[in-house]
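Data block below; observations after.
Values quoted throughout were computed directly from the atomic coordinates according to the rules given, and no laboratory measurement underlies them. Just so we're clear, the structure is a prediction, and the values are computed from it rather than from any experiment. Here Cβ is always computed from backbone atoms with ideal geometry, including for glycine, and neighbour counts include all displayed protein chains.
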Amino acid sequence: MQTQFDFTVVDRIIDDHGAKQSATIAILQDIQEHYHYLPREIFTHLAKRLGMPSASIYSVATFYENFSLEPKGKYVIKCCDGTACHVRGSMPILNRLREELKLAEGKKTTEDLLFTLDTVHCLGACGLAPVIMINENVYPTMTPDAAAKLISDLREKENENA
Amino acid sequence: MLKSRQELIDIRKEYAKYLTAQQHKILVCAGTGCIASGSLKVYAEFKRLLEQKGLPCLVELKKENEENGISVKKTGCQGLCEMGPLVTIEPEGFLYMKVQVSDCEEIIEKTVLNGEHIARLAFQKGGIVRKKQSDIPYYQKQTRIMLEHCGHIDATSIKEYIAVGGYTAFEKALFEMGPDDIVKTISDSNLRGRGGGGFPTGRKWSQVARQKSPIKYIVCNGDEGDPGAFMDCSVMEGDPHRMLEGMMIAGRACGAHDGYIYVRAEYPMAVERLKNAIAQAEEMGLLGENILGSGFDFHMHINKGAGAFVCGEGSALTASIEGKRGFPRVKPPRTVEHGLFNEPTVLNNVETFANVPLIITNGADWYKTIGPENSPGTKAFALTGNIENTGLIEVPMGTTLEEVIYGVGGGMRGGSEFKAVQIGGPSGGCLTTEHLKIPLDFDSLKKVGAMIGSGGMVVMDSKTCMVEVARFFMSFTQNESCGKCVPCREGTKRMLEVLERIVAGKGQDGDIELLEDLADTISAAALCGLGKTAPSPVMSTIKYFRDEYEAHIYDKRCPAGACPRLKRIHIDPELCRGCSRCAKGCPVGAISGQIKSPFVIDEKKCIKCGACVSTCAFHAIKED
């Protein structure tokens, strides 16, 4: 854990959007994109710069599902459980992914911070249901086996790079 | 930077000339669906191959293109998402499906250079090969006007949009019509909001135009949160300029100078294409100060959602743009009076704005010739589920459900039996066989307890359990309830609990009545539209499939055989060899028996996990 948090990145993001309340969500989104989550240190800093109570910023950060106060994995897997995917069998895929990632009940991120598994409602690729999304890429017509293979491929890639 | 109307007219002529001069076009679908199937790789391969062969490859619309070139374009959604990546070759008009990188060479050699058709890549059904898009029943039965450019022009190029007549409506609105004329044309056309409610757009605009405030806003709702819907996504990705044009016309009509587009975070491609489109329009001088010397200023902003379904509700959406929690508020005052930043605001959805340029160009009378009198125009639907052709469709309002499913959709997948279609997402309801002849328009659907909603249509066959579908939607709304008002926050939770126990085989006498009672309270007392309609999927399934609820509750049986907890797992004594493998694999010790004689499953202990089924080498364990 860093003792002294470096606010250079955060300040740059605030300057990009302008220090105003209406930019709160956009600022938080960019901070999250950089750190993969919202580090707790940023809240008092943001409060000072935007001139609003940190509670208000917390209230926004905790309201929207995309924000995370916990560190997220390098690969964020979004398993679509929209209507079309649900009807064509998204649950077996989700269960298989949980199994492959060895995620205990209630856990979303693996210990090694490599994977985070989330469900989303509809990625807008219903014609290809069921789909999953890993970071920004959508993978169509998934099966539990195909999803498991994606995970093992990513793991292999990480091991090679390591 | 264009400074006058004449400059825009001149440049349009020029671009149109370049576009018609393009002899051969390779149109690669770059909608979310096809990209997921690998269309960008196909696009890159076409470019690489053309360069390698020394053929003139044109990516951008410009003067040099007047010579005989081959253009490669990334287009918006071409419709048949499941058959992606889709590639259309012009001028032949051949539509190729599931195109792989390895097919590109053959397509260039045979089709592009020699005009030959490749039957292997064409749409085939029942032994009939359909060469062109216009030969395929899926397209023949549609009326694509709002989506006319989707799949035909480069979605990332303002030049192509202008070449096919883009921004003529905006031009007309700036120089030939006064604000009142625009509002009147939209009112006369009877265009109704495509976001679900069907509120007359003209009335909304005139209410905002009337407000005295000097600051007004135009907001586009691109927070298409309904699971199973992707029409707006396809418009934003495939023809972003058309939607911008609609918003700019609205700005001119109502005296607003700022437009905000709120797009959900799950649509990164739409955000990218819109940002690109706005930058292009600014560069050309179609957005900014004193547009084309008319004295009219308009600026466009994009806001990315952060994953809250409730932000599709008007007042929650504006709160979110303001950087607050996306809570809906009590109305009145309505958004037209106190909307974004407390100023009068026009809030329409993507499809509504995309219809506006058409109406301004062709007039209200033309628009009213399409579809029924009380809901004119077309409607885009996202057709998904257990149906042969899934994808994006556009049909005139008032088309019957039967035509959509059996005509455009090509019937049920694998010839299975039609059971119901869920329409309108978590706020909608289901339509069954008795509704096949019903015209799809705002008023007819309302009468039978469903709604058009934004236009997601999920087709279900006899293997889909309707109680489970109701539970699915309730779990969705419960999860997405913003928590501000008690009826929705607590009511949906209680309804979900009841539905969960019914599908788990623990339903009790009186559960159906309890659901009805809760639904009644929620729809009467919830704060916003999403809360009020949250019980609709449950109410509509109870109305049409009450027998399925009763079978779950009283007989502990799922008629569709879909609920795992209500499955009966038993061992066929004829096939069982008594090897004991299943008994060893059972996590709860529910299987017992003597070696070499048939084993049995204790129904009381069995948790229906199905682990035993796959372990049996003799296929003696059956689920029903």
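One table, with the values for the structure above:
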| item | result |
| --- | --- |
| Helix-only [θ]222 nm of the protein assembly as shown, DSSP H runs n ≥ 4, -39500 (n - 2.57) each, per residue, nearest 500 | -11500 deg cm²/dmol |
| Two-site label geometry, residue B:275 and residue B:145: point separation in nm, points 7 Å out along Cα→Cβ | 3.5 |
| If the convex hull is drawn through the Cα atoms of the protein assembly as shown, its volume per residue in Å³ | 185 |
| Net charge of neighbours whose Cβ lies under 13 Å from the Cβ of residue B:216, counting Lys and Arg as +1 and Asp and Glu as -1 | 0 |
| Among B:504, B:552, B:524 the positive-end extreme of the charge dipole of the stretch B:466-554 (Cβ point charges) | B:524 |
| Sites residue B:135 and residue B:210, calculated FRET efficiency, Cβ-Cβ separation with R0 45 Å, nearest 0.05 | 0.35 |
| Long-range HN-HN contacts of residue B:441 with modeled amide H, under 5 Å | B:398 |
| For chain B, the spread of Cα positions along each principal axis, largest first, Å | 92, 64, 41 |
| Among A:11, A:112, A:145, residue whose mean-square fluctuation peaks in a GNM of chain A (springs only between Cα atoms under 10 Å) | A:112 |
| Eligible aspartates and glutamates near residue B:125 by straight Cα distance, threshold 14 Å, same-chain separation 8 or greater | B:135, B:388 |
| Calculated P(r) tail over 15 Å for the stretch B:466-554, as whole % of Cα pairs | 51 |
| Straight-distance crosslink candidates among lysines, where the alpha carbon sits under 17 Å from residue A:102 and sequence neighbours closer than 8 are dropped | A:72, A:74, A:78, A:149 |
| Surrounding net charge for residue A:55, when Lys and Arg each add one and Asp and Glu each subtract one, Cβ distance under 14 Å | +4 |
| Residue B:462 long-range amide H proximity, modeled H, under 5 Å | B:417, B:419 |
| Antiparallel bridge percentage (DSSP; both residues within chain A; nearest 5) | 55 |
| Most positive-pole-ward Cα, B:392, B:415, B:452, against dipole of the stretch B:378-461 from beta carbon charges | B:452 |
| Sequence-separation-based contact order of chain B, relative, with Cα cut under 8 Å and 6+ spacing, percent | 11 |
| Dipole axis of the protein assembly as shown (+1 Lys, Arg; -1 Asp, Glu on Cβ), positive-most option in B:303, B:128, B:464 | B:464 |
| Cα-based Kirkwood hydrodynamic radius, the stretch B:166-368, one decimal, Å | 16.6 |
| Where the Cα pairs of the stretch B:327-469 fall when distances are cut into 10 Å bins, in % | 11, 35, 30, 18, 6, 0 |
| Karplus-derived HN-Hα couplings along the stretch A:132-140 (A = 6.51, B = -1.76, C = 1.60, θ = phi - 60°), whole Hz, x at Gly and Pro | 10, 10, 10, 6, 9, 9, 9, 10, x |
| Net charge dipole size for the stretch B:466-554 [Lys, Arg +1 and Asp, Glu -1 on Cβ; Debye, nearest 20] | 400 |
| Estimated dipole of the stretch B:414-473 in Debye, rounded to 20 [Cβ of Lys and Arg +1, of Asp and Glu -1, Cα centre] | 80 |
| Links that overshoot a 29 Å alpha carbon limit, given the list A:107/B:543; B:17/B:53; B:532/B:604; A:157/B:53 | A:107/B:543; B:532/B:604; A:157/B:53 |
| Only Lys, Arg (+1) and Asp, Glu (-1) charged, at Cβ; the stretch B:84-201 dipole about Cα centre in debye | 640 |
